Amino acid sequence: MPNKIPMINLSREYELLKEEIDAAIRGCLQHQRWIMGPEVTAFEEEAGDYLGTARAIACSSGTDALILALRALAITRHGKEFFDKDDLILTTPMSFTATAEAIVQAGATPVFCDVDPETFLLDPEAAARFLKEDERAARAVGIVPVHLYGYPCAMDRFAGLAAKFGLFLVEDTAQAFGGSFGKEKLGTIGDAGAFSFFPSKNLGCYGDGGMVVARDEDVAAMIRILLRHGGESKTNASHIGYNARLDTLQAAILRVKLKHIDTFNHRRREIASVYNTALRGCSGLILPPGPEQNPGAVFHQYTARVTGHRRDTVRERLAQAGIKTMIYYPVLLSRMDAFQARSIITNLCEAETLHTEILSLPAPLELPNQPAWQTVVIQEMMKILS
Ligand SMILES: *Cc1c(COP(=O)(O)O)cnc(C)c1O
């Protein structure tokens, strides 16, 4: 029976922080303020300080964070409760379902633009091409770049496009807490940034959780209203809202994990660096820009490309050796039934190829009794690809 190397190891991460997390949970058991308890505000302040923003609003999930950000922009910038079908929002076809889902839930229509095969991310050139050349571009209202795998999008380019074409920018930062572009933390560069604290994210809680960061006070205030049923008072709604609060218990857990986020993100960068050094020169493998070329990346996933139609074979062989890998994500958003009927699909030739080549390798932060897990993965990869 081969060794089992998982993608992540949440039990081990818990063991490392056990005392602090148990104490935080006990604190909640003692005060019993489960909804909007003191830990929620404290976490918002601490996460805001960490990111360098005064406007961090905790909420129920990353999906809700995206919806809240988009709805607040519809209300404050466009004077309407929801966007409508004619309002177009540019995004990448390579993301988790929630990115496109949130755009549609906010009332708008996603426009899928192609990715850059070197960065795996929404290509600013492809977005620019749609905005300059497509006659429907006059209806564009915003761009949602996704910092997939914790790799930072070219925010200078997107900010330039947003300014030039009068668009808002909402950063999907669900996979990139603590990442940066230049001196600025991801999520704080656009009009709003949406974070997810789903358990497997690089900052994760023990259930669903999320956060929105807003650049302007009116947008932040609207998000706060929307997440509590759309009213300044719970009993008199002025907008169509949501029940989208973060649980006190999750906030208590996140306060502990936030203190260690730099250590964990640093470890992720180390793992990426080791992979990039060891696997350089492996034929049939194209590596992502490593931490040296990509200092703002937090490597939520270490994702490389296996070329020559060999990705699935390589994955199978690794599985046989007890090594777990993942494909994030196997189906392009532009190919999902739900969005085919409600999107604009531009030329996606890079994404169409790339999504058949991507492979995310294991990065368990610590694995008891198996400190050499990464050597095992690397040796197996080299054997298969040689
Ligand atoms: C996880 C994720 C989301 C959604 O977050 P949830 O907390 O699961 O709702 C959105 N976008 C991306 C890119 C994600 O990875």
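Here are some notes:
- Ile240 more than 16 Å from the ligand (Cβ to nearest atom), in a loop (DSSP other than H, G, I, E, B) and either modelled with pLDDT of 95 or more or surrounded by fewer than 20 Cβ atoms within 10 Å (Cβ to Cβ) (or both): yes
- Which numbered condition Thr109 fails, given (1) open to solvent by 40 Å² or more (accessible area, probe 1.4 Å); (2) among the β-branched types (Val, Ile, Thr); (3) more than 12 Å from the ligand (Cβ to nearest atom); (4) under 25 Å from Gly241 (Cβ atoms): (1)
- Qualifying residue in region 332-341 (condition: in a loop (DSSP other than H, G, I, E, B), over 23 Å from Cys282 (Cβ atoms), open to solvent by less than 10 Å² (accessible area, probe 1.4 Å) and of a type in the set (A, V, I, L, M)): yes
- Residue match in region 15-26 (condition: buried (at least 17 other Cβ atoms within 10 Å of the Cβ) and under 23 Å from Glu171 (Cα atoms)): no
- Only one of Ile35, Ile57, Ile75 that is loosely packed, with under 13 Cβ neighbours inside 10 Å, over 22 Å from Ser200 (Cβ atoms) and touching an Asp or Glu at 6+ places or on another chain (Cβ under 8 Å): Ile35
- Single condition Arg224 does not satisfy, out of (1) within 16 Å of the ligand (Cβ to nearest atom); (2) under 24 Å from Val144 (Cα atoms); (3) basic (Lys, Arg); (4) part of a helix (DSSP H, G or I): (1)
- Within region 119-141, tally of residues that are touching a residue at least 40 places away in the same chain (Cβ under 8 Å) and in a loop (DSSP other than H, G, I, E, B): 4
- Pro288 part of a loop (DSSP other than H, G, I, E, B), modelled with pLDDT under 95 and not polar (S, T, N, Q): no
- Test: residue in region 57-74 that is within 16 Å of the ligand (Cβ to nearest atom), in a helix (DSSP H, G or I) and of a type in the set (Lys, Arg): yes
The values are calculated or read from the model by the stated rules, or taken from the named source; none is laboratory data. These numbers come from a predicted model, not from an experiment. When we count neighbours, we look across all protein chains shown, and the Cβ atoms used for this are built from the backbone with ideal geometry, even at glycine. Note: areas computed on protein heavy atoms with side chains; ligands, DNA, RNA excluded. Shrake-Rupley method; radii C 1.70, N 1.55, O 1.52, S 1.80 Å.
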